[in-house]
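The values are calculated or read from the model by the stated rules, or taken from the named source; none is laboratory data. Just so it is clear, the model here is predicted, and its values are computed rather than measured. Here the Cβ positions follow ideal geometry from the backbone for every residue, glycine too, while neighbour counts run over all protein chains shown. The protein model used for the area step is the full one, side chains on, heavy atoms only, and it has no ligands, DNA or RNA in it. Shrake-Rupley method; radii C 1.70, N 1.55, O 1.52, S 1.80 Å.
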Amino acid sequence: MKFNDHFLSKLKTAQKVVFFTGAGISAESGISTFRGKDGIWNKLKPEELASFDAFMRNPKLVWEWYQYRRKIAHDTKPNLGHEAIKQFEKLVDEVTVVTQNVDNLHNRAGSKNVLELHGNIERNYCTDCRTFFSPDEISKLENESGSESPRCSKCSGLIRPDVVWFGEFLPQDVFSEAERKASGCDICFVVGTSAIVYPAAYIPITARQSGAFIVEVNIESTEMTRIADESFFGKAGEVLPKIVEKAKEIRIN
Ligand code: BJW
Ligand code: ZN
């Protein structure tokens, strides 16, 4: 892989680094992306599944979709891309992972500072009384609910995954922290995202406006390519380990 001098000088001196990630970083773990050639939403329409209205119309269908995805995420492992990001922590002062993914794979790879903009598929709560339920409690409630989606043991409200659907607000504290990290970073890597879903996609834009060097890693060009200082077209699990190796080499010598 070829690195130009401008990128290398940024890589050599960066102290604060943000990784803004999307579904593409988990593709090599076997998790489908939403859009693009193998995206799930080529077959399933987002508005039919990823909105509160869709959930209220057909809770069972939406619940089963999340249960299916939860099982896939659970049965797979973080890949070389997630691991390369974790390794970056040894090389610079501060690494923050701002992820749109709900699959928990950055946490499982051991990354320390993970900001989940769209929630986490492992958590679930009652739509009425907001009680959270552990995965074990969910299994029990699922058994009790028979063929329906599970209901709250306290108030019988519907239980939903703790994810952000279309038309819903992102967790304000998490988004503010992500904006703060983006505005103070030296390099922002934008990895495996189509960068079309807002307000998440403001994160790399904020980084750019604050003077950070923007590096895109994706298998194809995206909305980000225009504003990125550097784009590496390839799989995250192949490109990121090479960047880490290069960083090790130039930051030690
Ligand atoms: C690889 C690879 C490999 C593959 N290596 N790369 C401004 C303008 C227009 C619309 C809006 C706007 N502001 C807000 C909106 C509305 C809406 C929105 O953004 N719509 C757009 C689609 C147009 N936004 C919202 O509704 C948000 N809320 C909001 O705005 O609240 C304010 C409000 C409140 C009340 C009323 C009105 C407004 C919430 C958005 C929530 C998004 N939720 C989802 C589902 C989460 C739960 C779940 O997982 O089921 O989040 S949608 C889905 O998209 C998911 C993702 O996190 C998100 C982003 O997708 P991502 O990660 O980029 O994946 P892909 O598939 O798109 O891309 C994968 C990429 O990887 C591709 O580029 C591949 O090439 C690449 N790739 N393999 C590297 N191996
Ligand atoms: Zn309840």
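Quick notes
- Taking each DSSP H run with n ≥ 4 as -39500 (n - 2.57) and averaging over every residue of the chain yields -11500 deg cm²/dmol at 222 nm.
- Global geometry of the chain, whether rounded, prolate or oblate, following the gyration tensor of its Cα atoms and the 1.5 cut on a/c: prolate
- When only Cα pairs below 8 angstrom with a gap of at least 6 residues are kept, the chain shows a relative contact order of 24 percent.
- The residues of the stretch 1-138 expose, per residue, 50 Å² of accessible area to a 1.4 Å probe.
- 3J(HN,Hα) from dihedral phi, the stretch 92-104, Karplus parametrisation 6.51/-1.76/1.60, rounded to Hz, x for glycine, proline: 10, 5, 8, 10, 10, 9, 10, 10, 8, 7, 10, 7, 6
- Measuring nothing but protein heavy atoms, the accessible surface of the stretch 138-253 at 1.4 Å probe radius is 48 percent carbon and sulfur.
- For the stretch 28-130, the number of Lys pairs with C-alpha atoms closer than 20 Å, counting only pairs eight or more positions apart or on separate chains, is 9.
- Dipole magnitude of the stretch 189-244, debye to nearest 20 (Cβ charges: Lys/Arg +1, Asp/Glu -1, about Cα centre): 80 debye
- With a 1.4 Å probe rolled over the protein heavy atoms of all chains, the accessible area of TRP165, TRP41 falls in the order TRP41, TRP165, largest first.
- With all projection directions averaged, the alpha carbon convex hull of the stretch 112-169 covers 4.9 nm².
- Farthest towards the positive end of the charge dipole of the chain, among the residues ILE214, SER176, SER32, is the Cα of ILE214, using unit charges on the Cβ of Lys, Arg, Asp and Glu.
- Heavy-atom accessible surface of the stretch 3-77: percent carbon and sulfur, 1.4 Å: 55 percent
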